[in-house]
Structures are given as structure tokens and as C-alpha cells.
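Shown next, in C-alpha cells, is the structure this report addresses.
The values are calculated or read from the model by the stated rules, or taken from the named source; none is laboratory data. Keep in mind that this is a model prediction, so the values were computed, not measured. Don't worry about glycine lacking a Cβ; one is built from the backbone with ideal geometry, like all the others, and counts go over all protein chains shown.
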Amino acid sequence: VAAMAAAGETCVVAVDAAGRAAGILTERDVVRRVAFRARPDDPVAQAMSAPVQTVSGEEHLYRAVGLMRARGHRHLVVVDDAGRPIGTLRRVDAYAAASARLLAAVETLARGDDEAGFAATRSAQAGLARTLLDDGVPAADVIGVVAEINLDIHRRVVERALAAAGPPPVPFTLIVMGSGGRGESLLAPDQDNGLILADYPDARHGEVEAWFIPFAEDLNARLAAAGFPLCKGEVMARNPVWRKTLSQWRAQFALWAERRSPVALLFGDIAFDFRPVWGDPAPAEALRAHLAHVLAAYPAFLAALAAEDAKLTVGLSFWRGFRDDEPGPGRRTDLKRSGLMPLVAAARLLALRHGIAATGTRARLAALAATGAVGPEEAAALSVAFEHLAGALLRQQLADAEEGRPPGTLADLRRLPRAEQEAIRAAMRRVAAFQSAVKAAFGGGVW
């Protein structure tokens, strides 16, 4: 009590012999439990609350706020990887860091402790995204928040699958690819994931696969139950193509680059945005470094990939009107395929050529500007274009969700206010020019 008074704090954390958080004594505890019953020489353990609720210093703020709201805590102890306290989070400070309108969505998002809860978290993302947009958060940042929540769910699903399967025969790392790997998830992502297994002797192959085959099936099924549909192209850990040892992944990347088959180009477009999500990140980092060496050794692969990516064109007609991408009657434009993807693909190509490890589109553009591969003004303008296109797509998906439709990628851009239409046209023109420049850089054409 004297220490709390001297420091002007509202709580004190008790630790065990190893320095791990063992309990917490708050000013409320002092009033309720100490003032009228305890003697000054009683141990803290007699009055403190235990076990103590803790969070990692790396935990997302939305989960910490959600925990405090759901459990009525005024304090949350923040610990390091060994469980040792590194600070406390007070509810008043946490609430001040989040807008008042965010708190209801945050509370819902923090409740997922099983697949049903994870699915509820996924469905609550639309409300969170709407609140963030209405509070003036840039759309690109909102998409980043949605992506981080999705990756958080992936980590927790892995833990549940491991609890059911038991210890793995070799360590592994879960990687997420596609939009999840770029941190650019919208409201309806499917699964794009794989496993990097630690290398092991060939004699153990039967034993290792006997464990990982059912584990991967269960993992993908749990993710589907949590709201991430199975990938129609089977880009998932249950497919052996996407479940390999580090050595096998290295060999596979080299084989793709050497052969340059249509399938290799398709797989590369998906796989090269990979990002470690669960487990030791070192194997993924080693694979990223290996990929840079492979692509430097086989520049023809990137040229072939550039030719494929050039088939993605922005959604403007010859007369600069918005293109009709809708099958059958209709006039809607596919904002993903005809807006974001040409930019995403072009930025990826340049980043891969220059050995840039970042996977997010905006991060790639910033890194390209830092290396001089793209001018700083061009990178800034392309980031603005990304914001306009991502914002229009996110708002369309929110409108779909609010009207009871599955979030899609088609939008009737002609119904938008004129200023928004002009901003999207300008963004598409900027992307088209960048795409032409990248194509020329890989193919030697004139632009």
C-alpha cells in the first residue's frame, strides 16, 4: 500500500520467485479487502486478486480493451514472453486510445474463444470497419486492421488444432499468402495458407506425414468454421503442394522459376506474398532470402510473370468511362480485379526484382522509393491511388453486408458522387501508367 501511494499508482503487481505475474492488488482491493480486515504485516497474497489477467506486450489493443470490458477489469497486466510484468494497462487509458464508437465492436471481437466465437468475430468486422471509416481512419489502414484480426484468428485456431492433435513430430511455421500475406484483407477472404516444416530425415517421412495430414485437414476445417471459406484452388495446408519442409519449399521455388509453366506462374503470384503467422518466423525469413536468390538467377521467370500480370487491366473504357465487368445484364466494375490487382501485381513484380522483403503494397512502394526504383512522388501518388481504390471497394463491401448480400467486388461506380468518380478515374489512370512502365521494364517495350 505504501508503494502504491508513493508511486501514485492505482495497483501493484505481485510476482513469484521467477518474476512472473502472480496476482494484482488494486486500490479497490485495498478498500474492500484490506482496510477493515487485514493487518499491516499480512502477506500481499492474502489480499490480492489471483490468478491475474495478463496480455502480451505484442497483443492487439482491441483484444486488451475487449478483455477489460468483458470481464470488468480496470487494470490489465502486460507481460513479456516469460510472463514477467513489463507494465500495466489502465482501462481509462485504453479507452482513451479507442474512440467511444469503437468499443461495442471491440468487445464483440474479443469474445472468440472457439470456432463459433471466431466466426462471430469475423462477422463483427464489418461493424468495426464501418466505425473506423466513419471516424476518418484511412481505408488502407482499416483493411490492415481487418487483416491483423484475421491473422490473430489464424493463430488461435492453430493453438486449438494443436491442443486436439498433440505435440507435432517436427516444428512448423504457418504461412498465409495472398491478400492475408500482404495485410490487405477485405471482408470476404478465403483461405490461402501453407506449412513450412523443419527438415527431417527421409526415414521419418511416414511418421511425420501421419501426424500432419490429419492436422492440416483439421486446421483448414476449423478455419472454415471460423469464417474463412476453403480455397477453391486448394491453396491450403491440407494440400501437399503447400505443406513442405524448408528444403522442399526452396526446391519448389527453384523449380517454378526454372520451368515458368502457367501453373508455376499462377502459384508464384499467390505464394510470393507469404508471411509467417504462427511458429518460428526464421524458416519463412530464410525462404524469403532464398526466393530473392532464385529470382536473381532466373530473371526470365519475372519477365514471364510480368507478361501474365499485364493481362490485368484497369476498369476504364477507351473513352475513360467505367468498364462493365458484370456478367449478363448490369454495368458494375470489378474493383478488385480491375482496380487493386493491377497495382498490387506491378508493385509485387518490382519488389521481387529488387529483393524487397515487404509484402504489403504500400510498404513495397515505400521500399521501392527508398531504393530509387520508383520516384518518391510516384510512390506517394500510387499510395493515394491504392487508398481511393481500396476505400471504394471496402465501402461497396460494407454496403453489401448492410443490405444482406455477401460482400463482393462489383460496384456501380456511376452512382457515386462526381468527385469520388473522378478520384477513382484518376487512381485507375495512375495505376495504368505504372503498370505500363513496369511492363516495359521487364519486356523492353515503349511506354
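Looking at Thr313, Thr359, Thr371, which is the one that is of a type in the set (Val, Ile, Thr) and in contact with a strand residue (DSSP E or B) (Cβ under 7 Å, 6 or more places away or on another chain)? Break it down stepwise before answering.
Details: Thr313 fails: in contact with a strand residue (DSSP E or B) (Cβ under 7 Å, 6 or more places away or on another chain); Thr371 fails: in contact with a strand residue (DSSP E or B) (Cβ under 7 Å, 6 or more places away or on another chain).
Testing whether each residue is of a type in the set (Val, Ile, Thr) and in contact with a strand residue (DSSP E or B) (Cβ under 7 Å, 6 or more places away or on another chain) leaves just Thr359.
Can you name the number of the only condition in (1) of a type outside the set (Lys, Arg); (2) under 18 Å from Met428 (Cα atoms); (3) modelled with pLDDT of 95 or more that Ala367 fails?
All conditions are met except number (2).
State whether one or more residues within the range 121-143 are of a type outside the set (D, E, K, R), modelled with pLDDT under 75, assigned to a loop (DSSP other than H, G, I, E, B) and outside the structural domain of Arg222 (by TED's automatic domain parsing).
Within the range 121-143, none of the residues are of a type outside the set (D, E, K, R), modelled with pLDDT under 75, assigned to a loop (DSSP other than H, G, I, E, B) and outside the structural domain of Arg222 (by TED's automatic domain parsing).
Residue check: is Gln397 among the polar types (S, T, N, Q) and under 17 Å from Lys336 (Cβ atoms)?
Yes, satisfied.
Is there a residue in the range 166-176 that is within 24 Å of Phe386 (Cβ to Cβ), in contact (Cβ under 8 Å) with a residue 24 or more places away in the chain and either in a strand (DSSP E or B) or not hydrophobic (A, V, I, L, M, F, W, C) (or both)?
Scanning the range 166-176 turns up at least one residue that is within 24 Å of Phe386 (Cβ to Cβ), in contact (Cβ under 8 Å) with a residue 24 or more places away in the chain and either in a strand (DSSP E or B) or not hydrophobic (A, V, I, L, M, F, W, C) (or both).
Identify all residues within the range 177-186 that are assigned to a loop (DSSP other than H, G, I, E, B) and closer than 14 Å to Phe228 by Cα; write none if there are none.
Met177, Ser185, Leu186
Tell me which of these Val277 doesn't satisfy, since it passes every other one: (1) under 25 Å from the mean Cα position of the chain (by Cα); (2) free of Cβ contacts under 8 Å to residues at least 12 places away in the same chain.
If we test Val277 against (1) under 25 Å from the mean Cα position of the chain (by Cα); (2) free of Cβ contacts under 8 Å to residues at least 12 places away in the same chain, just (2) comes out false.
Only one of Arg353, Arg320, Arg337 is out of contact with any strand residue (DSSP E or B) (no Cβ under 8 Å at 6 or more places or on another chain), closer than 26 Å to Ala284 by Cα and of a type in the set (Lys, Arg); which?
Checking each option against the conditions leaves just Arg353.
Name the single residue, out of those in the range 353-374 being of a type in the set (A, V, I, L, M, F, W, C) and buried (at least 21 other Cβ atoms within 10 Å of the Cβ), that is nearest to Ala437 (Cα to Cα).
The qualifying residue nearest to Ala437 (Cα to Cα) is Val374.
Identify, please: which residue in the range 21-52 is surrounded by fewer than 16 Cβ atoms within 10 Å (Cβ to Cβ) and at pLDDT 80 or above and is, among those, nearest to Leu151 (Cα to Cα)?
Pro51
Those residues that are assigned to a strand (DSSP E or B) and buried (at least 19 other Cβ atoms within 10 Å of the Cβ), I need them from the range 200-253; list them, please.
Within the range 200-253, Arg243, Thr245 qualify.
Please count how many residues of the range 171-215 are under 30 Å from Thr409 (Cα atoms) and among the charged types (D, E, K, R).
Total satisfying the criteria: 4.
Return yes or no: is Asp152 within 22 Å of Val235 (Cβ to Cβ) and under 16 Å from the mean Cα position of the chain (by Cα)?
Taking the combined requirement at face value, the residue satisfies it.
What are the pairs, 6+ residues apart or on separate chains, where a residue within the range 135-161 that is over 18 Å from Arg182 (Cβ atoms) has its Cβ under 6 Å from a residue that is basic (Lys, Arg)?
Every condition considered, the pairs that remain are Val157/Arg222; Ala161/Arg222.
What do you reckon, is Val106 at pLDDT below 60 and either assigned to a helix (DSSP H, G or I) or acidic (Asp, Glu) (or both)?
The answer is yes for Val106.
Is there a residue in the range 378-396 that is more than 20 Å from Gly144 (Cα to Cα), more than 20 Å from the chain's Cα centre (by Cα) and outside any helix (DSSP H, G or I)?
As a first pass, look at the range 378-396 and keep what is more than 20 Å from Gly144 (Cα to Cα): 378.
Filter once more, keeping what is more than 20 Å from the chain's Cα centre (by Cα): 378.
Imposing the further condition that a residue be outside any helix (DSSP H, G or I) reduces the set to none.
Checking the range 378-396: not a single residue is more than 20 Å from Gly144 (Cα to Cα), more than 20 Å from the chain's Cα centre (by Cα) and outside any helix (DSSP H, G or I).
Only one of Arg63, Arg84, Arg71 is surrounded by 11 or more Cβ atoms within 10 Å (Cβ to Cβ), closer than 22 Å to Arg155 by Cβ, at pLDDT below 75 and assigned by TED's automatic domain parsing to the domain that holds Gly23; which?
Arg63
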